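To start, the structure itself, in structure tokens.
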Amino acid sequence: MDYYNEDTVLFLDGQFIKAKDASADLYSQTLHYGLGVFEGIRSYHTINGTKIFKPYEHFDRLRKSCELMSIPFDYSSEELTQLSYQILEKNNLSSAYLRPLVIAGENMTLTSPQKSTLMICAWKWDKYFNHRQLSVCISSYQRPNPKSVIIDAKVCGHYVNSILASNEARQRGFDEALMLDASGFVAEGPGANFFYEKDGVLYTPPRGNILPGITRQVVLDICYELELPVKERLFKPEELFKADSAFFCGTAAGIVGISSIEGEKLNKSWKTSLGAIVQEAYQNMVTEKSHAYVIV
Ligand code: PMP
């Protein structure tokens, strides 16, 4: 996977520069201690042109992450959205993945930095998962305990935990991991939220031990609009072995069905699941097909 080439342009510290000429401070707290925050955002080629999906929600979360972690940052969500469209244009990208990263300044003490630097880059990333439906294992790694970290913030260092879980899943021959919280309830995937279906109802863990995903909220909105029953509640992994279907949702992954959990096949085929209905509605939404105004 090539993230950039000779011509790629990114935004760094107030200017657009070639990615190949960009450099980062080796004394940055982000590099040493993982204190930095970021977002993962997608843009889509829609019938109304290139559109970034939910930019304000993502940039509000980025700004909130900075605030929660006491990282100074003063871009508005409007400015960040404009910069992102410029990055897409300068790189001739339409369907793409955008990665804003707030890099903490130099500081070797264990206190918040005095300043930060913003980087925004983008690349073409069609699919996060190569499989249409995933085989999933229950991870031996718990999600970070909200009493140890600020779980609502999308902090660079939290992703060491995600990498451990993904690696373990692949080493065990699974496509992806499902992680539990510190009390043994199902939480989420390493980079996506989780839903399962039982007897015509979708269930998803409530906020508290998960990253409150923007896609998760979109799924809840879609369910509301389509009158699909959905409940936010805690549940143990044992419940999943009686599930009819399940899926992960996140910006990078989109809505991706799960075929089995710890080798146990789910009752329904993906095509007949509630997740497939949500998946189609989501696809129509991001490509603006559902709100298209077409003059014939
Ligand atoms: N949980 C985790 C741990 C994630 O990294 C992500 C991806 N940002 C999500 C859930 C899904 O969040 P979103 O829908 O906002 O991409």
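The values are calculated or read from the model by the stated rules, or taken from the named source; none is laboratory data. Remember, it's a predicted structure, so these values are computed and weren't measured experimentally. Glycine gets a Cβ as well: all are built from the backbone with ideal geometry, and neighbour counts include every protein chain shown. Only protein heavy atoms, including side chains, enter the accessible area calculation; ligands, DNA and RNA are left aside. Shrake-Rupley method; radii C 1.70, N 1.55, O 1.52, S 1.80 Å.
Structural remarks
- Peptide ranges 208-214, 104-110 listed from the most packed, as the mean C-beta count within 10 angstrom indicates: 208-214, 104-110
- Listed peptides 196-202, 177-183, 265-271 appear in the order 177-183, 196-202, 265-271 once ranked by packing, highest mean of other Cβ atoms within 10 Å at the front.
- Proportion of all alpha-carbon pairs of region 134-286 beyond 18 Å (%): 53 percent
- Dimensions of the chain from C-alpha coordinates, computed as largest minus smallest value along each principal axis and given longest first, are 58, 53, 31 Å.
- All other residues whose Cβ lies under 9 angstrom from that of TYR44 are scored, Lys and Arg at +1 and Asp and Glu at -1, for a net of +1.
- Calculated from the alpha-carbon coordinates, region 104-220 shows an Rg and a Dmax of 16.4, 54 Å respectively.
- Taking the accessible area of region 134-286, probe 1.4 Å, and keeping the other protein chains in place, the carbon and sulfur fraction comes to 51%.
- Our summary gives region 180-281 a relative contact order of 29 percent, counting only alpha carbon pairs under 8 angstrom and 6 or more residues apart.
- Annotation for region 43-75 versus region 265-281: alpha-carbon center distance of 29 Å.
- Taken about its Cα centre, region 88-163 carries a charge dipole of roughly 160 debye when the Cβ of each Lys and Arg holds +1 and the Cβ of each Asp and Glu holds -1.
- By accessible area with a 1.4 Å probe, ligands and nucleic acids excluded, highest first: order of TYR27, TYR56, TYR97: TYR27, TYR56, TYR97
- Accessible area in square angstrom per residue, region 9-124, 1.4 angstrom probe: 49 Å²
- For region 80-128 versus region 137-170, the gap between their alpha-carbon centres in whole angstrom: 22 Å
- Charge dipole (the chain, unit charges on Cβ, about Cα centre) - positive-most of VAL37, LEU110, GLY250: GLY250
- In region 59-117, the trypsin sites (Lys or Arg not before Pro) that fall in loop regions by DSSP, at most 12 other Cβ within 10 Å: LYS115
- Checked against a 28 Å cut-off, the cross-linked pairs LYS147/LYS271; LYS64/LYS289; LYS154/LYS289; LYS115/LYS147; LYS154/LYS271; LYS124/LYS147 give Cα-Cα distances beyond that limit for LYS147/LYS271; LYS64/LYS289; LYS154/LYS289; LYS154/LYS271; LYS124/LYS147.
- Rolling a 1.4 Å probe over the protein heavy atoms of region 9-124, with every protein chain left in place, gives an accessible area that is 51 percent carbon and sulfur.
- Extension gain for GLN283-SER269 works out to 3.1 nm (0.36 nm per residue, less the C-alpha to C-alpha distance).
- Dipole moment magnitude, nearest 20 debye, region 157-246 about Cα centre, only Lys, Arg, Asp, Glu C-beta charged: 280 debye
- Note on the chain: helix-only mean residue ellipticity at 222 nm, from DSSP H runs of 4+ residues weighted -39500 (n - 2.57) and normalised by residue number, equals -7500 deg cm²/dmol.
- Antiparallel beta bridges, as assigned by DSSP with both residues in region 110-266, represent about 65 percent of the total such bridges.
- Pairwise label distance in nanometres, GLU79 with ILE138, each label 7 Å out on the Cα-Cβ vector: 4.8 nm
- Semi-axis lengths, Å, region 9-124, gyration tensor of Cα atoms, sqrt of 5 times eigenvalues: 26, 16, 10
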